[in-house]
Amino acid sequence: MSAAVRRITVAAAMVAGLAVATMAAHAADDTIKIGHYASKTGPEATFGQSSDKGVKMAIDEANNAGGVLGKKLELITYDTQGKSAEASNAVTRLINNDHVVALLGEVASSLSLAGGEIAQANGIPMITHASTNPKVTQGRDMVFRVCFIDPFQGYAVAKFATDNLKAKKIAILYDQGQAYSVGLRKDFSKAVKQLGGTITTEQSYTGGDQDFSAQLTTIREGQPDAIFIPGYYTDVGNIALQVRKLGITVPLLGTDGWDSAKLKEIAGDALKDCYYSNHYTPEDPRPELQAFIKKFKELHNGETPDAMAVLAYDGANVLLDAMKRANTTEPKALAKAIGETKGFKGVTGTITLDENRNAKKPAVILQMKDGEWRYAASIAPPADEK
Amino acid sequence: MIKLVQTLLSSISVGSLYALIALGYTMVYGTLKFINFAHASIFMLGAWFSAIIAAALLANGVTGIPAIVLSILIVMVICTTLGFVIERLAYRPLRDAPRLNVLITAIGVALLIENVAALNDVKIPGTQTTIHGFGTQPGKMPELLANADLFSIPLGSGTVVVDKVDALILGLSICLMIVLEFIIYNTRLGAAMRAASHDARTAALMGIPVDRTISITFIIGTSLAAAAGFLYVMKYPSINPPVAVTWGLLGLKAFVAAVVGGIGNVRGAVVGGLLIGILEQAGAAYLSPHFRDVYVFALLIFVLLVRPTGIFGSTAVEKV
């Protein structure tokens, strides 16, 4: 065989190979691909792992019931390691390589902001189940969420602190690297001032920091009645331990970033009589929730689902419900159907998306009592404000 | 007033940790003339091994002071062995190579350690062996000392709190530094180390086993990093995953401490470490915690501009 002939043969073989590969890709079209990006490792690992369990449950249930639009669902999940850059990579890969029709994720707002940017640019609808920073859905008509947003969450904690705990002087310690934490700091401090309280000091840290003694010494000096820490659980655990070491005994207040079994593991007794706002409590007696918890426990060795798992389950089901209503997986129509979600019976409550693609739901406040997080109060969204 | 005293106390405790790590950088630089980037990884291993060993000791009923002494010794032995292996396999073959090659090798070693440590129950293909790394999630150091204050000193309208762990850090750091000072300036080994650092070729001609001396220097530096790792997790019981940026950042800050004190100078490393501790804590307490890392690196820039040899560094000073 001459060199030229050989070259042509190789080229032909490559073309044929490509054609086969493309055909294989098309052959897989009898499934609907859904992408999920989550922090399955890293400092926020339980967020991603819980979300993964919730989403898988919803997809498996739908597949067992015969799939959606006559097709089986295929879930593709990538790890973000809790890093914004990895979230962007994961979403790009899901859209460009895996050709998913819709995206689910993330929990941390900074990561949802990064992923949402790419979803929006590519016109693929995305539902975040637990990112509460308002910017996540602002100006992005392809990005939706099934949880409340931080202006309300900050208000809920502020209301509970000033009304129930009678705390008037509150200090804030927030993570300057997380959009979630920076946003909540503003929302909370605004709400406290409106409710007649004062903020003694606003101190910052960077996620992954181990030493908080300088900030806590300053906080201690202001003698606050409570300390608000809108961070993620690994850092909060470290902070709680050091708060108690410095002899500060006032309650710590937090938000849904605290929701992980790891927090209790890290901080233990330091959390006694501390409070945080969350999306749900396992003590809620509603039958659909209790049925979900029972099923979740059966699947995961008796583990009680945390809020991220429950929200992820709801988020996936909202997407599937919209797919059925739209009767197509074409992105624009699907996005329109998601936006029209009204009175959807989720396990975390009834979900109705407003014109800003956000859900309006009450928040529950949990208290650490006898080594367990117990239901303390429920705060409804104020009628006039979102 | 309370704030000032409390800030000073935490500065000293944080500063001694930086000093312990900085000693390793400075000793290796003194003898081998390269920056051992794998040092922060050894520190990380020291931290993680401490947690595992402490948990194992507690499970076998060893508690309190014996548990502390035992775990720190075991951790130092493990890390020292690793340090010896690293020096033997990665750095010794490059003894006559250009310095840049060694530097790049050090970065490679750091990456290797981090990534092997991050493995989680990985099965080696074709064998029955599984690697149990530390994984990619934060870990937890069990409590060896009861979480109680050592002193609560009333001062004015409040109290100053000194933690047992802080006292332990300070005490142990001082002990280790005295031992190191003694070895370097009062033993034959120390004389050999100083000679090898001053001029390796001439030292070899004088009958000093330069290779062995360098290995020992390296091992001592590594054991100090292991001790620092142990003290670090005693103070901050929740441990970041091996690949977390925190380790690298801590290593960098300790490296800044070594440079500020005068790289290659042992006393300089201690002073530099304390200085960085004070700067970071006071800056965070009185200016803004927003820029706590900025203060440290601003000091580095300042020192490099004004006195590039560092506080104690000069060409005439004996190096180790």
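Scan A:LEU246, A:LEU216, A:LEU184 and give me the residue that is in contact (Cβ under 8 Å) with a residue 24 or more places away in the chain and either more than 14 Å from chain B (Cβ to nearest Cβ) or among the small types (Gly, Ala, Ser) (or both).
Just one listed residue meets the conditions, A:LEU184.
Name every residue in the stretch A:245-258 that is assigned to a helix (DSSP H, G or I) and either open to solvent by less than 30 Å² (accessible area, probe 1.4 Å) or closer than 19 Å to A:ASP175 by Cα (or both), in order of residue number.
A:ASP256, A:GLY257, A:TRP258
Before we move on, is A:VAL182 surrounded by 24 or more Cβ atoms within 10 Å (Cβ to Cβ) and either within 28 Å of the chain's Cα centre (by Cα) or in a helix (DSSP H, G or I) (or both)?
The answer is no for A:VAL182.
Quick check on my filter: what residues within the stretch A:216-229 are among the charged types (D, E, K, R) and either open to solvent by less than 10 Å² (accessible area, probe 1.4 Å) or touching a strand residue (DSSP E or B) at 6+ places or on another chain (Cβ under 6 Å) (or both)?
Residue satisfying the conditions is A:ASP225 alone.
A quick yes/no check of all residues on (1) within 14 Å of chain B (Cβ to nearest Cβ); (2) surrounded by fewer than 20 Cβ atoms within 10 Å (Cβ to Cβ); (3) touching a Leu at 6+ places or on another chain (Cβ under 8 Å):
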| position | (1), (2), (3) |
| --- | --- |
| A:GLY231 | yes, no, yes |
| A:SER260 | yes, no, no |
| A:ALA267 | yes, no, yes |
| A:LYS272 | yes, yes, no |
| A:LEU311 | no, no, no |
| A:ASP314 | no, no, no |
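So is A:ALA333 open to solvent by less than 20 Å² (accessible area, probe 1.4 Å) and not assigned by TED's automatic domain parsing to the domain that holds A:TYR155 or not?
Answer is no for this residue.
Does the stretch B:1-35 hold any residues that are more than 14 Å from chain A (Cβ to nearest Cβ), in contact with a Leu (Cβ under 8 Å, 6 or more places away or on another chain) and surrounded by fewer than 24 Cβ atoms within 10 Å (Cβ to Cβ), and which are they?
Residues satisfying the conditions are B:PHE34, B:ILE35.
Mind counting the residues in the stretch B:225-245 that are under 10 Å from the mean Cα position of the chain (by Cα) and either of a type in the set (Ser, Thr, Tyr) or at the interface with another protein chain (Cβ under 9 Å from one of its Cβ atoms) (or both)?
1
If the Cβ limit is 7 Å and pairs must be 6+ apart or interchain, which residue in the stretch A:74-100 that is farther than 21 Å from A:PHE47 by Cβ and in contact (Cβ under 8 Å) with a residue 24 or more places away in the chain pairs with which residue that is assigned to a helix (DSSP H, G or I) and open to solvent by 50 Å² or more (accessible area, probe 1.4 Å)?
A:ILE95/A:ASN122
Where in the stretch A:274-356 are there strands (runs of 3 or more DSSP E), lying fully within it, with 1 or more residues that are basic (Lys, Arg)?
Once the strands (runs of 3 or more DSSP E) in the stretch A:274-356 are filtered for at least 1 residues that are basic (Lys, Arg), what remains is A:344-346.
Could we say that B:ILE131 is surrounded by 12 or more Cβ atoms within 10 Å (Cβ to Cβ), within 19 Å of the chain's Cα centre (by Cα) and not polar (S, T, N, Q) here?
In short, no.
Kindly provide the set of residues from the stretch B:36-61 that are aliphatic (A, V, I, L, M) and surrounded by fewer than 19 Cβ atoms within 10 Å (Cβ to Cβ), ordered by number.
Scanning the stretch B:36-61 gives B:ILE52, B:ALA55, B:ALA56, B:LEU58, B:ALA59.
From B:GLY64, B:GLY108, grab the single residue that is more than 30 Å from A:ILE248 (Cα to Cα) and open to solvent by less than 50 Å² (accessible area, probe 1.4 Å).
Criteria check complete, one pass: B:GLY108.
Which of the numbered conditions does B:GLY207 fail, given that it passes all the others? Conditions: (1) assigned to a loop (DSSP other than H, G, I, E, B); (2) under 15 Å from the mean Cα position of the chain (by Cα); (3) not polar (S, T, N, Q).
That leaves (2) as the condition not met.
The values are calculated or read from the model by the stated rules, or taken from the named source; none is laboratory data. Small disclaimer: the values here were computed from a predicted structure and weren't measured. Every residue, glycine as well, gets a Cβ built from its backbone with ideal geometry; the counts of neighbours run over all protein chains shown. Please note that ligands, DNA and RNA were not included when accessible areas were found on the heavy atoms of the full protein model with its side chains. Shrake-Rupley method; radii C 1.70, N 1.55, O 1.52, S 1.80 Å.
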